[in-house]
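Inspection log for the structure reproduced underneath, given as structure tokens.
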Amino acid sequence: MSAPAAVRRTAQILNASGLHARPATQLAELARRYTATLELVVVEPGPGSGAAAGDQASAKEVLDLILLALAKGSTVTVQGHGPDAAAGVAAVGELIDRRFGEV
Amino acid sequence: MPAASSNRLVREVHCVAALAGRTREDAVLELSQRFVDSGALDEAGRQVLLESVLRREDAGTTGIGNGVALPHPKAPEDVRGHVGEPLVAVGLSAEGIDFAAVDGGRVHAVFLVAAPDSPSYLAIARRVAGLARDRRWPKLLKQCRTPKDIRELVEEAWGEVKP
């Protein structure tokens, strides 16, 4: 039996303060609703970010997400493996697109 | 005040080895008082900080897990006129404080952050998250008995960080 292919989607952090504690918490709480493995992979860190291109974090772990210290303008790939990966990747991508409800 | 000490991101005068309060409001009040006592913040600045920090907590906890919380202003602009360089106060509580943390646990280390801009805040949050994720963290925390212990622990983990 072959493993199902990963689901991927690109998103850009657009809220002014970046992926700080509250967005990270929101993102992890959302990601934990899915059984799929969900990760953020940094494509291009925005100016002032802590992470480098290629760094990744589990979307379900608040501390891992905060460690990326992604500033506004950062581009990430949201990727998932597992039965509900498509729904999970879509939901996480949408939350990022919606700027976590911030400006 | 010796220059070497005021150049530090975490100063001993901003560290409390045993927080007196049991609520997050108490913790934030006590730590913000340290900023006033050291002259890093005036009373008006402290009021702005408190109001913004508590508004931020109402919007969602800053208890990020593993016994750590990093209360901070809702928007850096709120405190920009009062804070020149990033300030971090650290308070420990053996009994723990209820921050409604994301992992449901009590908070044993509170990092009160007052930074004038988002990049400073992101960088500090990154360092705090790094500490919280360290497997040795709970043990190291228990060994802290004085403000000096706290400052040394943080500096060892972060390097001698300048603001």
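Some points to look at:
- The magnitude of the dipole of segment B:10-74, with charges of +1 and -1 set on the Cβ of Lys/Arg and Asp/Glu and taken from the Cα centre, is near 200 debye.
- Those residues of segment B:8-38 whose amide nitrogen sits under 18 Å from the label point placed on B:Trp158, 7 Å along Cα→Cβ: B:8-18, B:28, B:31-36, B:38
- For segment B:66-122 and segment A:32-63, distance of Cα centres in Å: 22
- Full-extension gain in nm, B:Arg145 to B:Glu25, via 0.36 nm per residue minus C-alpha separation: 40.9 nm
- Kyte-Doolittle at least 0.0, axis length at least 20 Å by Cα - qualifying DSSP helices, chain B: B:118-133
- Among the listed pairs A:Lys60/B:Lys74; B:Lys74/B:Lys142; A:Lys72/B:Lys142, those with a Cα-Cα distance over 32 Å are A:Lys72/B:Lys142.
- Shape annotation for the protein assembly as shown: C-alpha extents along the principal axes are 65, 37, 32 Å, from largest to smallest.
- With R₀ set to 41 Å, the beta-carbon distance separating A:Ala86 from B:Asp98 gives a calculated FRET efficiency near 0.60.
- Projected-area mean, chain A, by convex hull of Cα positions, square nanometres: 5.7
- With all pairs of different C-alpha atoms in the average, the Kirkwood value for the hydrodynamic radius of segment B:100-140 is 11.7 Å.
- Selection of trypsin sites (Lys or Arg not before Pro), segment B:1-101, meeting DSSP coil and at most 16 other Cβ within 10 Å: B:Arg22
- Nearest-ten-degree value, helix A:85-97 long axis tilted from longest Cα axis of chain A: 10
- Top positive-direction residue, dipole computed over chain B with Cβ charges, set B:Thr146, B:Leu49, B:Leu131: B:Leu131
- The charge dipole of chain A, taken about the Cα centre with unit charges on the Cβ atoms of Lys, Arg (+1) and Asp, Glu (-1), comes to about 160 debye, rounded to the nearest 20.
No value in this document is a laboratory result; all are computed from the given coordinates. What you see is a predicted model; the values in this text were computed from it and never measured. No Cβ is skipped: glycine too gets one built from the backbone with ideal geometry, and neighbour counts run over all protein chains shown.
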